[in-house]
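The structure appears right after this line, and notes come after that.
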Ligand SMILES: [Zn+2]
């Protein structure tokens, strides 16, 4: 049998020592109130600045809960076979919607624009659809959105869903288009 105690010898000693000096203190203060907004988008860091610009400058969304996972909203859909993974992510999103009182949910897929580079295809979709052309990925994302929206409706939560797709153009800029 394994026993576990929070109060180890090492922590008992540490309790009597001075706390470590911070290496950094933010200028900003934390927001004590829940933003009631959540953004679900892909972990893909190549989009980060463009995504931040869209959220802040266009939508005026500055404070929000983040749910960043490979595939973004696609992580919430089985896409034909990833039932376990989608189920886990759905549980976590549902937890945040209920516990954080989320009322506005931004679902942002991504991929190339019609004239955009193939390597802008979301890696999650390259994994679930190996060799799938960008147009097939786009259709799968639309199907996944319908699937996710049906799931969210079943939660009977007061929720406004805002679906978008971030599309990388040939010139490197990113267009954001509405879906659904
Ligand atoms: Zn992605």
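Readers should treat all values here as calculations from the given coordinates under stated rules, not as data from a laboratory. All figures in this text were calculated on a predicted structure; none of them were measured in a lab. Ideal geometry is used to build each Cβ from the backbone, glycine not excepted, and the neighbour counts take in all protein chains shown.
Annotations
- For the pair residue 83 and residue 17 in one chain, pulling the backbone fully straight at 0.36 nm per residue adds 18.9 nm over the alpha carbon distance.
- Degrees separating the helix 83-99 axis from the principal Cα axis of the chain, which is the longest one: 60 degrees
- Every helix of 4 or more DSSP H residues in the chain counts as -39500 (n - 2.57), and over all residues that averages to -9500 deg cm²/dmol at 222 nm.
- Site pair residue 161 and residue 177 shows an inter-label distance of 2.0 nm when each label is modelled 7 Å from Cα along Cα→Cβ.
- Relative contact order of region 109-173: 60 percent, from C-alpha pairs under 8 Å at least 6 residues apart in sequence.
- Over region 19-130, relative contact order from alpha-carbon pairs under 8 Å, at least 6 apart, %: 32 percent
- Rounded to 5, percent antiparallel among DSSP beta bridges of the chain: 20 percent
- Per residue, the convex hull around the alpha carbon atoms of region 107-164 comes to 76 Å³.
- Relative to the longest principal axis of the Cα atoms of the chain, helix 134-153 runs at roughly 60 degrees.
- What the Kirkwood sum gives for the chain is a hydrodynamic radius of 18.5 Å, with every pair of different alpha carbons counted.
- The label-point distance for residue 139 and residue 48, in a model that sets each label 7 Å from Cα toward Cβ, rounds to 3.5 nm.
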